[in-house]
Amino acid sequence: MTSIDPRAGIDSPTPGNSPGNKRPPFWQIRPHGHHWKSIDDEFEASKFGMWLFLTTEVLLFAGLFCAYAVLRMMYPDAFRAGSGLLDWRWGLLNTVILLISSFTVAMSVRCAQLNQQRWLIYNLVITLVCAAAFLFIKVYFEYIPKWTDGKRPGSLFSYPFAADPHEHLWWSVYYCSTAVHALHVVIGACLLTWVLVRAATIKAYGPREYTMVETSALYWHLVDLVWIFLFPLLYLIH
Amino acid sequence: MAHQHDHADPHAHPGTGNEAHGGHHHYIIPWQKNVLVLAILLFFTFLTVALAQGEKWAQASFDIGVIPTWVNVTIVMSIAAIKGTLVAMYFMQLRYSNPLNTFAMLFCLFGVALFLGFTMLDLGNRDRVYSWRSGEIVPGGSLPTRVETTVNDDGTVQRNHISLADPMYIVARDEALNRQADDKAAHRAANGLYAFDKDVEAFNKYAEKKKKSHGTYHEDQTASTPDRTRPRHGPTPGIFDDEPAGTDAAKKDSDKDHGSDH
């Protein structure tokens with residue numbers, strides 16, 4: 001009697017150790033923690049946990065938005081002048097890039113749910129390319145020209161043609177909020193790179209097990225959400 | 001096939017959910033819906049940029065003056081809120097998952113509303129009661145200032161912050177004097193006496209006339225009567241003078257030799 005390999009998952013059409021069958025992909029056989037009633041419970045709990053973390057991230061950015069609101073109310077002329085020095089076209093391009101990356105990461109979750117491993121990898125790669133493009137535009141076309149011009153935050157400010165004595169406050173708000181956001185883009189990209197590596201090497205994600213894809217995608221969507229609010233506040237309001 | 005025991009997941013019940021998707025009943029969003037949401041998001045992005053630029057253009061070409069900032073802010077933030085809601089509901093799948101997730105995020109937004117709302121209520125109304133509170137915050141105290149730029153002979157530029165308001169202790173002293181004047185006026189009105197302000201010009205004219213004609217004006221002036229308190233000179237210059245401190249009349253007042261007190 002052929003013994004059935006206990007590592008065979010419910011999804012595999014044939015037992016794991018039958019001849020001609022490769023070792024099942026990792027997503028099929030990953031055991032869930034036994035303190036959970038079912039793998040579904042584990043997934044829902046992970047998702048809720050990620051949502052709780054996202055609420056803390058929203059509060060972090062709310063602090064930055066509050067600083068923006070307060071300083072804007074106190075020094076409207078400085079903020080008007082400073083906002084005019086930003087190029088809204090780079091902001092628009094960055095917004096479009098992030099929206100597309102949000103779309104592809106949502107599609108990658110869908111691909112994991114449907115066991116479309118190849119498209120899962122493609123979508124993750126496109127998302128990471130978008131992240132890299134966002135960071136490149138931000139640093140090369142926005143930060144570096146401004147820094148060399150002297151438009152720097154706080155006491156580092158040295159722009160000779162400042163229109164308002166409080167313009168360094170505007171630049172502080174600009175650099176702080178976009179830099180903290182860029183840091184979150186980097187963190188999200190690292191998470192998604194980890195997902196990509198695991199998906200590419202051991203097929204870690206599939207219909208039964210895609211928690212990591214889901215939670216990393218949620219983090220990425222939050223990054224996009226924050227930028228959706230940052231872009232009009234910094235670039236469009238005058 | 002339907003009751004294969006999943007050793008990796010011994011608690012999974014057979015027959016629940018969609019077997020083809022591994023026993024989970026998670027919503028799988030159709031890709032067309034994702035594309036539609038992306039299209040709507042991109043539309044709103046271009047709309048918001050177009051509105052912002054259009055507003056600038058309308059201000060420049062039509063003669064409608066300055067469009068108030070709150071119009072711009074409201075439109076732009078409303079569109080941003082719509083975009084954010086779409087991302088949260090469809091991309092983050094709040095619509096198709098446990099309502100507890102939605103509740104967590106809504107509660108967080110309530111917290112943000114409290115945070116921002118109270119801060120802006122405070123900041124926005126700082127100048128309602130005390131006008132000197134509405135100025136910039138500098139180390140050592142807040143005073144509204146005007147910036148005066150002077151160019152020195154050697155070409156260096158100097159920016160002087162000239163205070164537009166008195167320091168706090170002078171404001172407080174003036175308010176105390178005003179309260180004192182109000183009390184005096186109320187007392188006089190209650191007792192049917194003349195109002196102090198109406199009297200002072202007439203009295204000063206009379207005093208000048210008397211000064212020219214008699215030498216005893218000082219005595220008259222320094223003695224108080226039940227009717228009115230004569231000006232006294234004490235350690236705080238101007239506190240009991242008729243004229244406000246620092247004016248020429250007050251200087252003349254203090255220069256007079258007032259007999260008995262000094």
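Some notes on this structure:
- Residues (of a type in the set (F, W, Y) and at the interface with chain A (Cβ under 7 Å from one of its Cβ atoms)) located in segment B:100-125: B:F115
- Which listed residue is farther than 14 Å from A:F229 by Cα and not aliphatic (A, V, I, L, M), from B:F91, B:F44: B:F91
- Of the residues making up segment A:24-37, those that are outside any loop (DSSP other than H, G, I, E, B) and either within 7 Å of chain B (Cβ to nearest Cβ) or touching a Phe, Trp or Tyr at 6+ places or on another chain (Cβ under 6 Å) (or both) are A:W27, A:I29.
- Which numbered condition B:S97 misses (of (1) at the interface with another protein chain (Cβ under 9 Å from one of its Cβ atoms); (2) assigned to a helix (DSSP H, G or I); (3) at pLDDT 90 or above): (2)
- Odd one out for A:F157 among (1) over 30 Å from the mean Cα position of the chain (by Cα); (2) without any contact (Cβ under 8 Å) to a residue 12 or more places away in the chain; (3) more than 13 Å from A:L85 (Cα to Cα): (2)
- Among the residues of segment B:31-43, those that are surrounded by fewer than 17 Cβ atoms within 10 Å (Cβ to Cβ) and either facing chain A (nearest Cβ under 8 Å) or within 19 Å of A:I237 (Cβ to Cβ) (or both) comprise B:W31, B:V35, B:L42.
- No other residue among A:P13, A:P19, A:P6, A:P76 is surrounded by fewer than 16 Cβ atoms within 10 Å (Cβ to Cβ), within 8 Å of another protein chain (Cβ to nearest Cβ) and modelled with pLDDT under 85 apart from A:P6.
- Here is the figure for segment B:57-87: residues that are modelled with pLDDT of 85 or more and either in contact with an Asp or Glu (Cβ under 7 Å, 6 or more places away or on another chain) or facing chain A (nearest Cβ under 7 Å) (or both) total 8.
- Exactly one residue among B:T85, B:T74, B:T48 is touching a Pro at 6+ places or on another chain (Cβ under 9 Å), of a type outside the set (A, V, I, L, M) and closer than 30 Å to A:A106 by Cα, and that residue is B:T48.
- Some residue of segment A:132-150 being closer than 26 Å to B:A88 by Cα, of a type in the set (G, A, S) and buried (at least 22 other Cβ atoms within 10 Å of the Cβ): no
- Residues that are touching a residue at least 24 places away in the same chain (Cβ under 8 Å), aromatic (F, W, Y) and more than 13 Å from every other protein chain (Cβ to nearest Cβ), drawn from segment A:84-141: A:F134, A:F141
The values are calculated or read from the model by the stated rules, or taken from the named source; none is laboratory data. As the structure is a computational prediction, the values presented were derived from the model and not from experiment. Because the Cβ atoms are built from the backbone with ideal geometry, glycine has one as well, and the counts that use them run over all protein chains shown.
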